[in-house]
Amino acid sequence: MKFALFFVLLESALAAGGGYGPLITDSTLRHYLGDKQRWSFRNGLLTGEQETPGRESFLLSNERFGDFHLKFSARCAGAGCRILVRGTIQPPFQLAGYQVEIGSAAGSLSYCKPGRFESASMKAEPQKEVSLVRASSAPPADGWNDYEITAVGDQITVQVNNREAARITEDRGFRDGAIGFRLASGGSGKLEFKDLQIRLLGNVVRKDSTAWIRDTEELLELAKSSEGFQPLFDGATLNGWQDTTRFWSPRDGAISGQPHNSFLVTAKDYANFVLKASVRLHPKNGNSGIQVRSEVIPEGMRGYQIDIGDPWWGHLYAESTQRGILIPVADRKKRMQLVRADDWNDFVIVYRNEHILAQLNNEVTADLIDYYGEKTGKIGLQIHVGPPMKVEYRNIQIKVLP
């Protein structure tokens, strides 16, 4: 019965979705993160190479996918060749999600499970890889093989050379995430993909790289403009803000917070907007954040958060969800050079439909297309529980976009 239901859902999703399009079109891999020194995209061929044994090499999309049909050809020379679907990054920096084997065990499905993370110690237990389905038949280990991966709801199926290799039903699994490419640590190898084509299922229209880049340029222009902004903080009172106000107070033209894992929240919801603010945090390893398009829940807030504090400055995180870190800090040393310790740091956050852009001190720290996140919600200021710290926000202003 579940298999029959899956095919009904798949047929319905295919009928509602758009056509196939290339997963990657930009040779610079601008909308991907990871070890780009080991990955390249030329003439329609994505190649990852690891010449000597070492740490794993990965490439992960800055675009999230929920229900989709992905088809491609791939070949692997070496071991540990995988494609990651519905992938997430869990704190502090652990890749999690479903993995499809490429090569001798082609089509086998596994789950990369993150270790439990302790925010107080900033440490996580080792990750685990859990085998879900061993492919029923394996193609030759060398040469090109054709793959199809379909994800609809809690069902994921894999076909290799037009034969079903694996199928799972995961009621507790992720419902959306990044697509990634991995070469495992400890060995050398070469992984190649060609004819990478994707079709989003359901009522989702994908934005291609050209439109994405054009939109980013438009959002950056909106961020530069000083016209049309309204203050969210009057400089003297907390009028217009609500929830846990006892841990926040207006002082010297700024909103000041004390440690309690509390959120100061706007009374209004906001969908598309440009938000500007300056923040000062002491000491530098304190922990704060700005919530946007978020909802209040019993233990805090759930939704998008721009993180503040070492080593998180500029992270785009999905607070109180399984979605994890949406855009991590790629180069911590470079990021900390950007931060003005014990001084004011300027944030600009732009949300327009599914496009999210964030700047820290005039440098872009997040540029994400997310079809599946919240489209409206409250803005909140967070201060985390922990050792003595002080966070201040000033010049908080917003421009609502159509």
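Read-outs: derived from the displayed coordinates by stated rules, not from any lab. Not measured: the values here are computed from a predicted model. Quick reminder, even Gly has a Cβ in these numbers, built from the backbone with ideal geometry, and neighbours come from all protein chains shown.
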Check: Between residue 166 and residues 5 or more places away or on another chain, which pairs have amide H atoms under 5 Å apart, with H built 1.01 Å from N, and which residues are they?
Finding: 158
Item checked: R0 of 35 Å, Cβ-Cβ distance residue 20-residue 284: FRET efficiency to nearest 0.05 -> 0.15
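Just order 356-365, 229-238 by mean Cβ neighbour count inside 10 Å, highest at the front, would you?
For the peptides 356-365, 229-238, the packing ranking is 356-365, 229-238.
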Item checked: Proximal lysines to residue 334, defined as alpha-carbon separation beneath 27 angstrom and excluding residues fewer than eight positions away on the same chain -> 36, 123, 224, 276, 284, 390
Check: Mind checking the angle between helix 209-224 and the chain's longest principal axis? C-alpha axes, 0 to 90 degrees, to the nearest 10.
Finding: 10
Next item on the list: Could you please rank 308, 213, 89, 398, placing first whichever residue has the fewest other Cβ atoms within 10 Å of its Cβ?
Entry: 213, 398, 89, 308
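Once you have a ≥ b ≥ c as the square roots of the Cα gyration tensor eigenvalues for region 170-233, tell me rounded if a/c is under 1.5, and otherwise prolate or oblate according to whether a/b is larger than b/c.
prolate
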Item checked: residue 93-residue 130 pseudo-label distance in nm [points 7 Å out on the Cα-to-Cβ vector] -> 2.6
Check: Among 301, 336, 389, which comes first, then next, by fewest other beta-carbon atoms within 10 Å?
Finding: 336, 389, 301
Notebook entry, point to check: In degrees between 0 and 90, to the nearest 10, how far off the longest principal axis of the chain does helix 2-16 point, with axes built from Cα atoms?
Noted result: 70
Check: Given the chain, what whole percent of its Cα pairs are spread farther than 30 Å?
Finding: 43
Margin query: Less than 18 Å from a label point 7 Å out along the Cα-to-Cβ axis of residue 362: which backbone N atoms in region 226-254 qualify, by residue?
Written below: 226-227
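If you place +1 on the Cβ of every Lys and Arg, -1 on the Cβ of every Asp and Glu, and leave all else neutral, what size is the dipole of the chain about its Cα centre, to the nearest 20 Debye?
400
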Next item on the list: For each of 262, 136, count neighbouring Cβ atoms within 10 Å of the residue's Cβ, then give the residues from fewest to most.
Entry: 136, 262
Note to self: Run the numbers for residue 385 and residue 252: contour at 0.36 nm per residue of separation, minus the present Cα-Cα distance, in nm.
What the structure shows: 45.5 nm
Checklist line | HN-Hα J in Hz across region 67-72 - Karplus 6.51, -1.76, 1.60, θ = phi - 60°, x for Gly and Pro | finding: 8, 7, 10, 10, 9, 5
Checklist line | Full-extension gain in nm, residue 197 to residue 271, via 0.36 nm per residue minus C-alpha separation | finding: 23.5 nm
Notebook entry, point to check: According to the square roots a ≥ b ≥ c of the eigenvalues of the Cα gyration tensor, what is the shape class of region 211-400, taking rounded for a/c under 1.5, prolate for a/b larger than b/c otherwise, and oblate for the remainder?
Noted result: rounded
Next item on the list: Calculate the spin-label point distance for residue 77 paired with residue 146, positioning each point 7 Å from the Cα along the beta-carbon direction, and give it in nanometres.
Entry: 2.5
Check: Tell me, how many Å apart are the Cα centres for region 218-237 and for region 171-212?
Finding: 36
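To the nearest 500 deg cm²/dmol, what mean residue ellipticity at 222 nm is calculated for the chain from DSSP H runs of n ≥ 4 alone, each contributing -39,500 (n - 2.57), summed and divided by the residues?
Calculated from helices alone, the mean residue ellipticity at 222 nm is -3000 deg cm²/dmol.
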Notebook entry, point to check: By the gyration tensor of its Cα atoms, with a ≥ b ≥ c the square roots of the eigenvalues, what is the shape of region 311-402: rounded for a/c under 1.5, prolate for a/b over b/c, or oblate?
Noted result: rounded
Check: When the Cα centres of region 370-402 and region 27-62 are compared, how far apart do they sit, in Å?
Finding: 33
Notebook entry, point to check: Cysteines of the chain lacking any other cysteine beta carbon under 4.7 Å?
Noted result: 112
